[in-house]
There are 2 protein chains.
Amino acid sequence: VSTTPALVAVDWGTSSFRLWLMSLDGTVLAEHRSHEGMSEVAGRGFEAVLESHLGTLSAPGHLPVVICGMAGSRQGWVEAGYIDTPADVTTIGETATIVPGTARQIIIIPGLAVRSDAEPDVMRGEETQLLGAHFDMPGGERYCMPGTHSKWVSMDGSIVTGFETFMTGELFSVISGKTILKHSTGGDGNVDANDPAFLTGVRDGWTQPAKTTHHLFSIRAGQLLYDHQAGENRARLSGLLIGAEFAGAGIRGDEQIGLVASGALQRLYHAALAECGVQVRDIDADVAVRRGLLESWQRFSTTNGDVQSR
Amino acid sequence: VSTTPALVAVDWGTSSFRLWLMSLDGTVLAEHRSHEGMSEVAGRGFEAVLESHLGTLSAPGHLPVVICGMAGSRQGWVEAGYIDTPADVTTIGETATIVPGTARQIIIIPGLAVRSDAEPDVMRGEETQLLGAHFDMPGGERYCMPGTHSKWVSMDGSIVTGFETFMTGELFSVISGKTILKHSTGGDGNVDANDPAFLTGVRDGWTQPAKTTHHLFSIRAGQLLYDHQAGENRARLSGLLIGAEFAGAGIRGDEQIGLVASGALQRLYHAALAECGVQVRDIDADVAVRRGLLESWQRFSTTNGDVQSR
């Protein structure tokens, strides 16, 4: 285990900032987490925020910084573009974008895009998790990456052949917070993965996805007619949306799926996938993104030696 | 055509107030519309709002007032309860709730409820439209009543055998206004029923409802990758949600459906249903609700003679 810092790895999303000081063998020497996501940072400046964290860590100026996530979007720090599928996930570091005009070497990993007239899609940040997950589960053919915008990825070896995004997490948030259902699902309590209302919702959403927007309203009606309580209603809502996602992703009961997640979402999706008979392989999302950032950096430095030495 | 005022008919919803002064043969002698819906009125008092309109119209004190809509909900003026399906829509006036302690005779029409553990449902206001629509199209077996919460109703003669609510309108509102799609669908322009993006959305939502939450995100991706414009994106979003509603309602290409609607929604749903091969019979929602209020009043006064003479 090496304790020599070699890299600063950063996952910089819309609403969160996570930074790890790492050695070349992947050992985590320090970790910072904050809510300084892209939308909050835009005004203060990305470099200032990054350097304030690095200053606290006394990170030497020669340490490179590798970043993934929305910091690479058009509204972010520097646009890092997209690689089109099919794409070899092991090569994403090669075309990382170098942030210009900084004292430190800072690179941002590109996203992936499905360029299809009928169903275009994009990801940014998940490609780095996916790279880490691929090292953890090299033969994996399908990955589920739940979140605000859940991603379902198909792979053939290290090639991402395609992916689909489902707005599950964001829909849960606006439906429970901004529609008539707010009166029925109020409160912020976490959904329990073992709640029968959650698992029934998963089954209903999975087997009758066309009825989803009707089943949503029946949550309200169930409160009016049967006095169903907020906790149960939230669980059902969560289950319905996750089940509909499974139907859209076309899961089969006999397949193995790599679930790249952590915390509460990991527990919910694991229970939901198991309810549908899927063989789940859990891959910790935090571990995966760190591994992906490190691998991307190594790929970048191997293939961009001339850039490094400038 | 009679010009003697006999009845005040009111459709009092969550966000709108509509009042008609009518003769017994259904002639409209005066009309008031305002935004004094239930949520705004709750503080000022329902009676004060109603009387201020009636005062403007110099409506004689002996004229009865018949009300449908959310004014009869628990959060409304006086709770008017629900009649359980199967329910004979021609009898809803019989069990209207009399508003106590008012100078005028004022009644509120009950809603309808589907009491089902698995898929409970409720309507309030639409039952009165449905009564009017039934008189317009007595043999109709299915009615589509689009709106914030679209209702699909199955009838056998005058019996409502069941109905299903879909949250289509409210989902369009929160998805276009409160999610990442707000950047792609911005603006308030109406969707054009003949826009190819609308009709393609309808087909995609109808034929692949399980993919809906994925198709939503592809609107965002289409903007990022192909610079698709807001008007087209709004049209596609609207079409996808309406198409998914059709899939949930299980429309068949060869059936006749009574479309109870007016204005922009009527044009959108008519075009969408026609795109799916459905034979549409248009029923004006305003005409239907007035007819329903009048019929309810007549039923009430016939069966509650003793109450009237008090």
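The values are calculated or read from the model by the stated rules, or taken from the named source; none is laboratory data. No experiment lies behind these values; they were computed from the predicted model shown. We place every Cβ from the backbone using ideal geometry, glycine too, and count neighbours over all the protein chains shown. SASA here: full protein model, heavy atoms, side chains in, ligands and nucleic acids out. Shrake-Rupley method; radii C 1.70, N 1.55, O 1.52, S 1.80 Å.
Only a single item in (1) within 13 Å of chain A (Cβ to nearest Cβ); (2) crowded, with 16+ Cβ neighbours inside 10 Å is not met by B:Arg142, and it is number (1). Restricting segment B:79-110 to residues that are within 16 Å of A:Leu224 (Cβ to Cβ), touching a strand residue (DSSP E or B) at 6+ places or on another chain (Cβ under 6 Å) and not aromatic (Phe, Trp, Tyr), the residue that is surrounded by the most Cβ atoms within 10 Å (Cβ to Cβ) is B:Ala80. Residues in segment B:167-185 include at least one that is within 23 Å of B:Ala285 (Cα to Cα), at the interface with chain A (Cβ under 9 Å from one of its Cβ atoms), modelled with pLDDT of 95 or more and not in a helix (DSSP H, G or I). Quick check, is A:Thr212 more than 29 Å from B:Gln75 (Cα to Cα) and touching a Pro at 6+ places or on another chain (Cβ under 9 Å)? No; evaluated as a whole, the condition is false for this residue. Given the condition aliphatic (A, V, I, L, M), under 19 Å from A:Thr128 (Cα atoms) and free of Cβ contacts under 8 Å to residues at least 60 places away in the same chain, answer yes or no: does some residue in segment A:85-92 qualify? No, segment A:85-92 contains no residue that is aliphatic (A, V, I, L, M), under 19 Å from A:Thr128 (Cα atoms) and free of Cβ contacts under 8 Å to residues at least 60 places away in the same chain. Residue pairs whose Cβ atoms lie under 8 Å apart, sitting 6 or more positions apart in sequence or on different chains, and linking a residue in segment B:274-299 that is open to solvent by 10 Å² or more (accessible area, probe 1.4 Å) to a partner that is in a helix (DSSP H, G or I) and modelled with pLDDT under 95, are B:Val287/B:Asp136; B:Arg291/B:Phe135; B:Arg291/B:Asp136; B:Glu295/B:Phe135. Of the helices (runs of 4 or more DSSP H) lying entirely inside segment A:189-270, those carrying at least 3 residues that are open to solvent by less than 30 Å² (accessible area, probe 1.4 Å), at the interface with chain B (Cβ under 10 Å from one of its Cβ atoms) and polar (S, T, N, Q) are A:212-226. The condition of being away from chain B (no Cβ under 14 Å), assigned to a loop (DSSP other than H, G, I, E, B), out of contact with any Cys (no Cβ under 7 Å at 6 or more places or on another chain) and hydrophobic (A, V, I, L, M, F, W, C) holds for A:Ala103. Across segment A:145-157, the qualifying residues are those that are open to solvent by 30 Å² or more (accessible area, probe 1.4 Å) and part of a loop (DSSP other than H, G, I, E, B), and the one among them that is farthest from B:His215 (Cα to Cα) is A:Gly157. Only one entry of A:Thr91, A:Thr102, A:Thr85, A:Thr95 meets the criterion of being touching a Lys or Arg at 6+ places or on another chain (Cβ under 7 Å) and polar (S, T, N, Q), and that entry is A:Thr91.
Applying the criterion of being in contact (Cβ under 8 Å) with a residue 40 or more places away in the chain and in a loop (DSSP other than H, G, I, E, B) to the residues of segment A:63-76, the residue that is surrounded by the most Cβ atoms within 10 Å (Cβ to Cβ) is A:Gly69.
Is it fair to say A:Asp286 is in contact with a His (Cβ under 8 Å, 6 or more places away or on another chain) and away from chain B (no Cβ under 14 Å)? Spelling it out, it is not the case that A:Asp286 is in contact with a His (Cβ under 8 Å, 6 or more places away or on another chain) and away from chain B (no Cβ under 14 Å).
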